[in-house]
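The values are calculated or read from the model by the stated rules, or taken from the named source; none is laboratory data. The model shown is predicted, which means the values in this text are computed figures rather than measured ones. When we count neighbours, we look across all protein chains shown, and the Cβ atoms used for this are built from the backbone with ideal geometry, even at glycine.
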Amino acid sequence: MKIISTGNNFGAGAVELNTFQNEKLVVLNSKFTFSNKSEAYQTASVLELYVPELSIPKSGISGAYIMFSAEDKFFGTTVKTWIKNSKTVCIEKLDLWPEQTDEYTIYLLSLYVPKGQRGVFEVGTEVNLTLNNTTSTNNYGYYKTCFVEDGWCLIGLMTGSYNTQSKPSDDIVELGGFPTDVDIELPFVADNINSIQTYGVDMLQATIKDAVLTVKNIPWGWGGYPKDNFLYAACVRNKE
């Protein structure tokens, strides 16, 4: 189900969110960009996104991604996110790179469970993905996890070393066993432990659509070795 935000406290426009909700959890998928120079953003201590009524009153801590562009590359990190009340989604405010960028992009690929929940949370039925990389020798199954439920799913993939072409190129991976009704944008994240820059970690833009992962515009030398590059996302299924 798609919903539109009713406002926010950090100067962004209307934000569209794809949601799956029941009494046990909320999954939110969204990508939105905003200025880190606006007065609203500067005065906010926590980013608050106001939404129509959600199915749980408040949640524990979940995770999201923050990304920005600098020096013709993408960088960023993870941030905390939580449901403050049934009409307010909060996102941790990080302003670590004001000299490098004029805007940030937030990716919500987030699973929220009620705060104070007792007992074990079941994440769904585990699926053994088969991965067919049609464009390179990169092994996206160095670590892999996938759980599928009616209405949502969870995916995690990791590579070890990363091979790149001499010119920027896309990497395309067929995800056998993954739901074909997921259509999301997400970051692909690198462990840049050997990098000399201090802008968080390296990131690339990626999509999953029709059970195909596309990691976009990979520059020569990205990821390096040894690195643990990964994606991790809770995804809404767009079932008719």
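The table below lists the values:
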item: Residues located in region 157-188, provided they are over 17 Å from W220 (Cα atoms) and polar (S, T, N, Q); result: T180
item: Near pairs, Cβ below 9 angstrom, 6+ apart or cross-chain, from region 200-213 (at positive phi) to any residue that is assigned to a loop (DSSP other than H, G, I, E, B) and crowded, with 17+ Cβ neighbours inside 10 Å; result: G200/W97; G200/N192; D210/V182; A211/F178; A211/P179; A211/V182
item: Any hit, region 108-119, residues being among the polar types (S, T, N, Q) and modelled with pLDDT under 95; result: yes
item: Residue match in region 55-78 (condition: touching a Ser or Thr at 6+ places or on another chain (Cβ under 6 Å) and more than 25 Å from L231 (Cα to Cα)); result: yes
item: Elements of type strands (runs of 3 or more DSSP E) in region 167-240, at least 2 residues being modelled with pLDDT of 95 or more, surrounded by 15 or more Cβ atoms within 10 Å (Cβ to Cβ) and over 18 Å from the mean Cα position of the chain (by Cα); result: 169-176
item: When residues of region 150-161 are limited to those that are touching an Asp or Glu at 6+ places or on another chain (Cβ under 9 Å) and not hydrophobic (A, V, I, L, M, F, W, C), the one nearest to K239 (Cα to Cα); result: T159
item: Test: N163 is surrounded by fewer than 17 Cβ atoms within 10 Å (Cβ to Cβ) and at pLDDT 95 or above; result: no
item: Any hit, region 139-148, residues being farther than 28 Å from I61 by Cα, part of a loop (DSSP other than H, G, I, E, B) and over 19 Å from the mean Cα position of the chain (by Cα); result: yes
